[in-house]
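J.: First, the structure itself, so that you have it in front of you.
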Amino acid sequence: MNMNELKATFESSLAACPIVAILRGITVEEVATVCAILAENKINLLEIPLNTPNALECIAKACECAAPGQLVGAGTVLSAEAVDQVKAAGGRFIISPNTNESVIRRTKELDMLSIPGCFTATECFTAQAAGADYLKLFPAGSIGASYIKDLKAVVKLPFMAVGGVNAENMASFLKCCCGVGIGGAIYKAGKSADAIRSDAEKLIASIQA
């Protein structure tokens, strides 16, 4: 999959279901089941944060188990060296909590999608100049969608809202964002498969309402 195909697949996945599932704390043993449950609900963008134990092994397993159309990437990526490790594990996109130009540039050198975390207009423009594909407004829940609307008046890259986003406030963010990152409202360590499925179904229902 070349860069144009990757971006087209990512965009079509967001259009079908604007959720990136943040699987912090997932275990290698759970990966196949969780991938399947999310695929059932058309949640095809899966982020495994690097502060998850055995994160790179989980990413490799998720890439192996991914359903057609699912893309796997890494979150909490803080260094260019970590970008290399994610690429080697099969990851397709890099998400960070901060704006790190070296991470963004290395991501693009390796033909992966770059989604750095931003909070201020200065960070947004820095990320854009470094080559970012999307901007992750983080933390979004504590500040609300109106802040993103204001940033969009001058920042042209598409935004994703992450941090404190849930079924109750997701609709307001999706009015101004191309997608949202959802963590505990979909998956958290120790959550049963039935609970993951139920919560995923509720989120999809709230989008369709």
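The values are calculated or read from the model by the stated rules, or taken from the named source; none is laboratory data. What you are looking at is a predicted structure, and each value in this text was computed from that prediction instead of being measured. All Cβ positions, even for glycine, are placed from backbone atoms using ideal geometry, and neighbour counts span all protein chains on display. Side chains are part of the model used for accessible areas, which takes the heavy atoms of the whole protein and leaves out ligands, DNA and RNA. Shrake-Rupley method; radii C 1.70, N 1.55, O 1.52, S 1.80 Å.
J.: Which semi-axes, in whole Å and largest first, does the equivalent ellipsoid of the stretch 42-103 have when worked out from the alpha carbon gyration tensor as the square roots of 5 times its eigenvalues?
T.: Gyration-tensor ellipsoid for the stretch 42-103: 19, 12, 10 Å.
J.: Give me the net charge for the shell around Lys191: Cβ to Cβ below 15 angstrom, other residues only, Lys and Arg +1, Asp and Glu -1.
T.: Summing Lys/Arg as +1 and Asp/Glu as -1 gives -1.
J.: Considering only protein heavy atoms and a 1.4 Å probe, what is the carbon-and-sulfur percentage of the accessible area of the chain?
T.: Answer for the chain is 52 percent, counting heavy atoms of protein chains only.
J.: Once you keep just the Cα pairs under 8 angstrom separated by 6 or more residues, what percentage relative contact order results for the stretch 107-197?
T.: After rounding, I find 22 percent.
J.: Still on this structure: With every protein chain left in place, what is the accessible area of Glu29 in Å² (1.4 Å probe, nearest 10)?
T.: Counting only protein heavy atoms, Glu29 exposes about 150 Å² to solvent.
J.: Find the Cα radius of gyration of the chain, compare it with 2.2 N^0.38 Å by division, and give the number to two decimals.
T.: Rg over 2.2 N^0.38 Å, computed on Cα atoms: 0.93.
J.: Given +1 on the Cβ of Lys and Arg, -1 on the Cβ of Asp and Glu, and no further charges, what dipole in debye does the stretch 57-209 carry about its Cα centre, rounded to the nearest 20?
T.: My answer is approximately 260 debye.
J.: For a quick protection proxy, order the peptides 117-127, 41-51 by their average other-Cβ count within 10 Å, most packed first.
T.: Descending mean neighbour count gives 41-51, 117-127.
J.: If you take every residue apart from Gly117 with its C-beta less than 14 Å away from the C-beta of Gly117, what net charge results, scoring Lys and Arg +1 and Asp and Glu -1?
T.: -3
J.: Still on this model: Given a 10 angstrom Cα cut-off, can you work out which residue in Val155, Val86, Val180 is the most mobile in a GNM of the chain?
T.: Evaluated over the chain, the most mobile residue of the options is Val155.
J.: Ignoring solvent entirely, what values of log10 I(q)/I(0) come out of the Debye formula for the stretch 8-132 at 0.10 Å⁻¹ when each Cα is a single scatterer?
T.: The Cα Debye sum returns log10 ratios of -0.28.
J.: Heavy-atom accessible area per residue, the stretch 1-112, 1.4 Å probe: how many Å²?
T.: On a per-residue basis, the stretch 1-112 sits at 42 Å².
J.: Cβ under 12 Å from Ala55's Cβ, Ala55 left aside: what net charge do those residues give with Lys, Arg +1 and Asp, Glu -1?
T.: So the environment of Ala55 carries a net charge of 0.
J.: Taking just the C-alpha trace of the stretch 94-209, give me its Rg and Dmax in Å.
T.: 15.0, 43
J.: Now for a different question. Which pairs, out of Lys108/Lys202; Lys42/Lys136; Lys42/Lys191; Lys87/Lys149; Lys108/Lys136, put more than 23 Å between their alpha-carbon atoms?
T.: Result: Lys108/Lys202; Lys87/Lys149 exceed 23 Å.
J.: In addition: Based on alpha-carbon centroids, what's the gap between the stretch 189-209 and the stretch 100-153 in Å, whole number please?
T.: That distance is 27 Å.
J.: While we're on this one: Based on the alpha-carbon gyration tensor of the stretch 1-62, what equivalent-ellipsoid semi-axes (square roots of 5 times the eigenvalues) come out, in whole Å, largest first?
T.: Over the Cα atoms of the stretch 1-62, the semi-axes work out to 21, 14, 10 Å.
J.: Treating only the Cβ of Lys, Arg, Asp and Glu as charged (+1, +1, -1, -1), what charge dipole size does the stretch 144-209 show about its Cα centre? Round to the nearest 20 debye.
T.: 200 debye
J.: While we're on this one: If eta is 1.306 mPa s and T is 10 °C, what Stokes-Einstein diffusion coefficient results for the stretch 83-123, Kirkwood Rh from Cα pairs, in µm²/s?
T.: 153 µm²/s
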